[in-house]
Amino acid sequence: MADEQPGEIDYDTPLSADTIFTLINSSMQFRQPLYLVGANINGANLPHALMPGARLANAKLIGTNLQGAFLGKAWLPGADVRGADLRGACLSEAIMNGANLRFANLRKATVSAAHMEMADLREADLTNTVVKGADMQNADLRGADLYGADLEDAKLEGAKYTTVEGTLSLNMEHMPTIWPEGFDPEAAGCHLVD
């Protein structure tokens, strides 16, 4: 039917996991990055999904299961990733400036060389996460668990953090967080927030 107009995209309705996997397979077949800018992927179950270079700017990924997913060089600026399960995921060189990763589980994930400027990582779990060379300037790390995180060469100028008694939060005296050699968080503008 030549007279039919394409339907409007409903950005409020979450895409199903089947639809997303179909789109992932199509993007891989044509060697193009997955393009879901602004899409609603809330709560989708996508463990071990292969999404290199995916375009997910301003996407809604609240509570999405991306455990073990490959999102290397993905674009997620402004994405809402609150409470997502990213355990063991690869986000190396991903662009996540201004992304909301509050309460996200990034245990044992790799975010090396990622751009996370002004990202909201409050209460996120970054236990044993590889953050080498990531740019986290002005990120909000208050209440984030960085136990065993490798922060070598990470840019943390202006980052906010808290020391929460009785937890494994960003407490430099009582946890084995690896700060970059010679890095003084307070001198670099990291702010201890009570």
Quiz item: Protein chains only, probe 1.4 Å: how do HIS115, HIS48 rank by accessible area, largest first?
Solution: HIS48, HIS115
Exercise. Within 10 Å, count the other beta carbons around each residue, average over each peptide in 64-77, 84-97, and list them highest first.
Key: 84-97, 64-77
Quiz item: To the nearest µm²/s, what D does Stokes-Einstein give for segment 10-50 at 4 °C and 1.567 mPa s, using the Kirkwood radius over alpha carbon pairs as Rh?
Solution: 121 µm²/s
Quiz item: With the Cα gyration tensor of segment 1-139 giving a ≥ b ≥ c as the square roots of its eigenvalues, does the rule (a/c under 1.5 for rounded; else a/b larger than b/c for prolate; else oblate) give rounded, prolate or oblate?
Solution: prolate
Quiz prompt | Which of TYR147, TYR35, TYR161 is most accessible, then next, and so on - probe 1.4 Å | solution = TYR35, TYR147, TYR161
Quiz item: Using the alpha-carbon centroid of each, what span in Å lies between segment 23-46 and segment 53-90?
Solution: 11 Å
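The values are calculated or read from the model by the stated rules, or taken from the named source; none is laboratory data. Values in this document were obtained by computation on a predicted structure and should not be read as measured data. Cβ sites come from the backbone with ideal geometry, for glycine too, and all protein chains shown count toward neighbours. Side chains included, ligands, DNA and RNA excluded: accessible areas come from the protein's heavy atoms. Shrake-Rupley method; radii C 1.70, N 1.55, O 1.52, S 1.80 Å.
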